[in-house]
Amino acid sequence: MKTYDEVIEYLYARLPMFTRDGASAIKKDVDNTLRFCAELGNPHQQFKSVHVAGTNGKGSTSHMLASIYACAGYKTGLYTSPHLVDFRERIRIDGQMIPKAYVVEFINKNLPLIEDIKPSFFEVTVALAFDYFAKEHVDIAIIEVGLGGRLDSTNIITPELCVITNIGLDHMNLLGDTLEEIAAEKAGIIKPGIPVVVSERNEDIAHVFEQRARSLGAPLTFASAELEVVSVDPKREGVLVDIQDRKTDTHQSWTMQLSGLYQQKNLLGVLTAVDKLRRQGWVIENSHVQDGLLHVQENTGLQGRWQTLSTEPYIICDTGHNEDGIRAVVSNLAQVDYKRLHLVIGAMRDKDLSHMLPLLPKEAVYYFASPDMPRALPAVELRAAAEQYGCIGHAFDSVNQALQTALDHYEKGDLIFIGGSNFVVAEILANKT
């Protein structure tokens, strides 16, 4: 394969892919990744890392940590998933996407190995990222878990620190039907002796992390038990968050570029993680933290987190796609002034709509659409399910047709919100570029 487009087409067409195929693409162990990386010389053992898991917030947390490290002068790798527009969004160093030429060379060089091992799309991508970070000699790599934790392909690293954001009901067909079962999967990233930060303490499942950490001798900190958000004040350059240290009764203020209300919880985890990393010898000044929080999007290319796409017409998108994610979206919507709300929304077939749809505002005008992928729930089925909860609207053949109809009905003072799925947002962003 000579071109980048040919390589990407091969990866999409030949390899099992969760975002397209669902549960059938998930491997129940890390054996393929270990074998692949062994053939590459175990690149995951050649750089330092921070491992980030969680139901919601792990992407934002990973990007914030990467931005802070970059501002501190460290050569910083960042691995995240899924991508929204460009495959290379998954693998970055100091905000710059992996070169197309590197992707082409890696796949061609390892094609016999890929055909032999028959790894999933995600397993190949993880191996590619680890190989790239090792060869580029990054100082640190922030590695976001793809799904779950215990059996995730990224879980072959031995990081400096583990961070677990929040635990919610998502991917229950794979991770378990209860918060306790899902927490156990996320806790699977905890390693012997490696410090772990859990951003949000939930008394119903705290024992899962405590037992796992105790059994492995891993120092455990619940960020929300040490830090508390006192006030949030929107500013021109972002959101000013005042935080109280429960132990010292002192206050600290941070201005965040990421403005979604749910970012407050992520911030507590990030600040606690930075404190633990400093104790390991990483030189991260408060000025680096502030610069990193203020410039996450520029430093990392993060998109889709309560992102304003246009001010007139007023359009906001967010990738929240499960119960807690939708709850956060609704809380954010409640803080926005508008005359009428237009919701362009889609969902995947494997989502538990009975926990998501009841949360959505009834007074909005709905434009139901299905992203262009096999896992997408047909728009007519989503509309029928939503109507049972008082969410009324029309179904459309495509996301862009749904948005165009919303624009046709938009009046000054209205708000158009786009979300329900990463892939709804991705199609809109792809057409913006």
Test: residue in the range 365-380 that is among the hydroxyl-bearing types (Ser, Thr, Tyr), at pLDDT 95 or above, over 21 Å from the mean Cα position of the chain (by Cα) and open to solvent by less than 20 Å² (accessible area, probe 1.4 Å) | yes
Test: residue 281 is at positive phi and either charged (D, E, K, R) or at pLDDT 95 or above (or both) | yes
Residues of the range 382-399 being under 18 Å from residue 348 (Cβ atoms) and crowded, with 16+ Cβ neighbours inside 10 Å, in sequence order, are 382, 383, 385, 386, 391, 395, 396, 399
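This table checks each residue for (1) within 24 Å of residue 288 (Cα to Cα); (2) touching a Ser or Thr at 6+ places or on another chain (Cβ under 9 Å); (3) at pLDDT 90 or above.
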{"site": "173", "(1), (2), (3)": "no, no, no"}
{"site": "191", "(1), (2), (3)": "no, yes, yes"}
{"site": "210", "(1), (2), (3)": "no, no, yes"}
{"site": "215", "(1), (2), (3)": "no, no, yes"}
{"site": "226", "(1), (2), (3)": "yes, yes, yes"}
{"site": "230", "(1), (2), (3)": "yes, no, yes"}
{"site": "237", "(1), (2), (3)": "yes, yes, no"}
{"site": "251", "(1), (2), (3)": "yes, no, yes"}
Within the range 285-306, is there a residue that is over 13 Å from residue 257 (Cα atoms) and either touching a Phe, Trp or Tyr at 6+ places or on another chain (Cβ under 6 Å) or among the β-branched types (Val, Ile, Thr) (or both)?
-> no
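Does the range 367-374 include one or more residues that are under 12 Å from residue 321 (Cβ atoms) and touching a residue at least 60 places away in the same chain (Cβ under 8 Å)? Give the steps one after another, and end with the answer.
Here is the first cut: in the range 367-374, the residues under 12 Å from residue 321 (Cβ atoms) are 371.
Within this subset, residues satisfying the condition of being touching a residue at least 60 places away in the same chain (Cβ under 8 Å) are none.
No, there is no match, as no residue in the range 367-374 is under 12 Å from residue 321 (Cβ atoms) and touching a residue at least 60 places away in the same chain (Cβ under 8 Å).
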Any idea which of (1) free of Cβ contacts under 8 Å to residues at least 24 places away in the same chain; (2) in a helix (DSSP H, G or I) is the one residue 281 doesn't satisfy?
-> (2)
Qualifying residues in the range 28-41 (those that are surrounded by fewer than 17 Cβ atoms within 10 Å (Cβ to Cβ) and modelled with pLDDT under 95) - the one farthest from residue 126 (Cα to Cα) | 28
If a residue has to be on the phi > 0 side of the Ramachandran plot and open to solvent by less than 10 Å² (accessible area, probe 1.4 Å) to count, how many in the range 284-308 make the cut?
-> 1
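Given the options 362, 432, 339, name the one that is touching a Cys at 6+ places or on another chain (Cβ under 8 Å) and surrounded by fewer than 21 Cβ atoms within 10 Å (Cβ to Cβ). Before you say what the answer is, go through the steps one by one.
Numbers: 432 fails: touching a Cys at 6+ places or on another chain (Cβ under 8 Å); 339 fails: touching a Cys at 6+ places or on another chain (Cβ under 8 Å).
Residue meeting the stated conditions: 362.
Just one of 227, 220 is closer than 18 Å to residue 60 by Cβ and not hydroxyl-bearing (Ser, Thr, Tyr); which is it? Reasoning before the result, please.
Values: 220 fails: closer than 18 Å to residue 60 by Cβ.
Being closer than 18 Å to residue 60 by Cβ and not hydroxyl-bearing (Ser, Thr, Tyr) holds for just one of 227, 220, which is 227.
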Of 350, 324, 249, 245, which residue is more than 30 Å from residue 408 (Cβ to Cβ) and buried (at least 20 other Cβ atoms within 10 Å of the Cβ)?
-> 324
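The values are calculated or read from the model by the stated rules, or taken from the named source; none is laboratory data. Remember, it's a predicted structure, so these values are computed and weren't measured experimentally. So basically every Cβ, Gly included, is an ideal-geometry build from the backbone, and we count neighbours across all protein chains shown. Surface areas here come from the heavy atoms of the whole protein model, side chains and all, with no ligands, DNA or RNA. Shrake-Rupley method; radii C 1.70, N 1.55, O 1.52, S 1.80 Å.
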